[in-house]
Amino acid sequence: MKLSAFGSKFAGESGIVELMDDLSSALLQNPDMIFMGGGNPGQLPAVEAVFQRQLQAILADPAQRHSLFGVYQAPQGDPQFRRQLASFLNRQFDWGLGADNIAISNGSQSAFFVLYNMFAGVMPDGSRRSIHLPLAPEYIGYGDIGLGADFFSATRPGIERLDEHLFKYHVDFSHLQEAQAIGALCVSRPTNPTGNVLTDEEMTRLDAIARSRDIPLIVDGAYGLPFPNIVFTEATPHWNDNTILSLSLSKLGLPGARTGIVIAREDIIRAFTNANTIVSLACGNLGPALAGPLFDSGDILRLSRDHIEPWYRERSQQTVRWFHEQLGDLPYHIHKPEGAIFLWLWFEGLPITSQELYQRLKQRGVLVVPGHNFFVGLHGEWRHQHECIRVSYASDGEAVRRGVTIIADEVARAYRAG
Ligand SMILES: Cc1ncc(COP(=O)(O)O)c(C=O)c1O
């Protein structure tokens, strides 16, 4: 098979492909595998019941059923859903949005493919621009999205050590200024993999830097602000006409519906829609049909506040307690859990790499993600990159507890063997 440059890059190995392969194949190899690797949301009965009722109502009505299955959506996404979303957001934040500030995509992952390649890569004058990640580590799924090489650049974080084996990454603004030839800044907030939530002040400063360079600030809000609000700290949702905010219905409990939402200035939305139409033709109808009424009624806030946020907060606190109990006085650090569905563990001075730790844990029936995959765009060696793992706490609680015990045992063994 003779592949093009595109084919070679996209059909080859990549971090995200390895992760998704692991997820699907691990269960076949070992039915008892403990899944702490993937990004699946937790199963929350109260939330599932809402979607089930809505789906039943749609199926019982022939006209709605036909709209769900039998028609292509407008390229930008269902106008009614976009109006519902715009009014919902305006009621909350007074952002002055209209339906034309919103486009729907088949999951936010595919929206990032289009958006990132719109702003970075080879420019019309032959120069190159990168997507700059002001705070590495960042979401593994960005890593291989660029059509060209050297697509990302990143700034190494500042590390604040906190009490009780906790730490927190901060944007290192003194080094961020050094980034050259960038087409956009991008952060996930809350951050996958760390559970960090960039502070309002950090967002204000990033916004000012993006404006001063005449590039957009892309904010990936898959876990949070304003919904599904898996945020355990005070943080204000951020949007303005230089921000591209990407949201998703996935972590609300609908990853199977593949619905992403892009909120931006009208000219950016038009450009995005044109490109997305070439790639996708139209987006799926299921997500908008299930979630639209929740935005109309405002129930999305109630669900997020009363069910989703407390569930993940409880889970994260419990999992941290289990790690404290099991890791004892080993030299470990946990990123302060401020949101999202993961813990980020840093084993300082670990004698083996996180990749080796991942392999050993997989042998023992626990799937995590080794940390080096998340340092997208960061150049130069930094031992820290090989000392971290990402652990999801969204699956069955008892399985998570067993997983924590096995992780701690394997880490202790690695330190002992020196
Ligand atoms: C930070 C972040 N952004 C985007 C995505 C993609 O989500 P989806 O394509 O399901 O909307 C994920 C999925 O895990 C994520 O963690």
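The values are calculated or read from the model by the stated rules, or taken from the named source; none is laboratory data. Small disclaimer: the values here were computed from a predicted structure and weren't measured. Heads up, the Cβs are rebuilt from the backbone with ideal geometry, glycines too, and the neighbour counts pull from every protein chain shown. We work out accessible area using only protein heavy atoms, side chains counted, and drop any ligands, DNA or RNA first. Shrake-Rupley method; radii C 1.70, N 1.55, O 1.52, S 1.80 Å.
Partner aspartates and glutamates whose Cα lies under 17 Å from the Cα of LYS2, excluding those fewer than 8 positions away in the same chain, are identified as GLU13.
Which whole-number value in Å² is the accessible area per residue of the chain, probe 1.4 Å? Spelled out: the 1.4 Å probe surface of the chain, per residue, equals 42 Å². The alpha carbons of the range 78-181 occupy a box of 47, 45, 23 Å along the principal axes, longest dimension given first. With contacts taken as Cα pairs under 8 Å and at least 6 residues apart, the range 1-99 reaches a relative contact order of 12 percent. Normalising by residue count, the range 122-193 has a Cα convex hull of 93 Å³ per residue.
Note that the range 229-279 carries a Kirkwood radius of 12.8 Å, evaluated over its alpha carbons pair by pair.
Listed by chain and number, the aspartates and glutamates whose alpha-carbon sits under 16 Å from that of LYS168, ignoring those within fewer than 8 places in the same chain, are GLU138, GLU160, ASP200, GLU201, GLU202, GLU234, GLU338, GLU348, GLU387. Accessible area per residue (1.4 Å probe, heavy atoms of protein chains only) ranks TRP311, TRP239, TRP346 as TRP311, TRP239, TRP346, with the largest value leading.
Which of rounded, prolate or oblate describes the range 327-378 when judged by the alpha-carbon gyration tensor and an a/c cut-off of 1.5? Verdict is rounded for the range 327-378. How high is the relative contact order of the range 259-418? Use alpha-carbon pairs under 8 Å, at least six apart in sequence, and give a whole percent. It rounds to 23 percent for the range 259-418.
Remark: spin-label model distance PHE69-PHE167 equals 5.3 nm, labels positioned 7 Å along the Cα→Cβ axis.
Given +1 at the Cβ of Lys and Arg, -1 at the Cβ of Asp and Glu and no other charges, the dipole of the chain around its Cα centre is 560 debye to the nearest 20.
The helix-only estimate of mean residue ellipticity at 222 nm for the chain, built from DSSP H runs of length n ≥ 4 each weighted as -39500 (n - 2.57), is -13000 deg cm²/dmol after division by the residue total. Of the complete DSSP H runs in the chain, those spanning 15 angstrom or more by Cα along the long axis with a mean Kyte-Doolittle score not below -1.0 are 15-29, 45-60, 79-93, 108-119, 266-280, 286-297, 397-417. Can you compute the FRET efficiency between PHE93 and GLU178 using 1/(1 + (r/R0)^6), with r the Cβ-Cβ distance and R0 = 35 Å? Round to the nearest 0.05. Computed FRET efficiency for PHE93 and GLU178 comes out at 0.60. Under the classification rounded if a/c is under 1.5, otherwise prolate if a/b is larger than b/c and oblate if not, where does the range 147-262 fall, given a ≥ b ≥ c as square roots of the Cα gyration tensor eigenvalues? Because a/c hits 1.5 or more and a/b fails to exceed b/c, the range 147-262 counts as oblate. Once label points are set 7 Å from the Cα along Cα→Cβ at both GLN43 and ALA11, what is their separation, rounded to one decimal in nm? Taking the two extended label points, one gets 3.7 nm.
Note on exposure: ARG189, ARG211 ranked by accessible area (1.4 Å probe, complete protein assembly) read ARG211, ARG189, with the most exposed listed first. Find the percent of Cα-Cα distances in the chain that exceed 32 Å, and round it to a whole number. Distances greater than 32 Å cover 35 percent of the Cα pairs.
The value of relative contact order for the chain, using C-alpha pairs under 8 Å at least six residues apart, is 23 percent. Rounded if a/c is under 1.5, else prolate if a/b is larger than b/c, else oblate: which is the range 1-111, with a ≥ b ≥ c the root eigenvalues of its Cα gyration tensor? Verdict is prolate for the range 1-111. Solvent-accessible area assigned to carbon and sulfur over the range 132-206 amounts to 48 percent, based on a 1.4 Å probe. With each label modelled as a point 7 angstrom along the Cα→C-beta vector, the TRP382-GLN54 pair spans 3.9 nm.
Using only the heavy atoms of the protein chains and a 1.4 Å probe, how would LEU147, LEU55, LEU290, LEU330 rank by accessible area, largest first?
Working: LEU147 90, LEU55 60, LEU290 10, LEU330 35 Å².
Result, largest first: LEU147, LEU55, LEU330, LEU290.
Per the 1.4 Å probe, what fraction of the accessible area of the range 322-371, in percent, lies on carbon and sulfur atoms? Carbon and sulfur: 45 percent of the exposed surface of the range 322-371.
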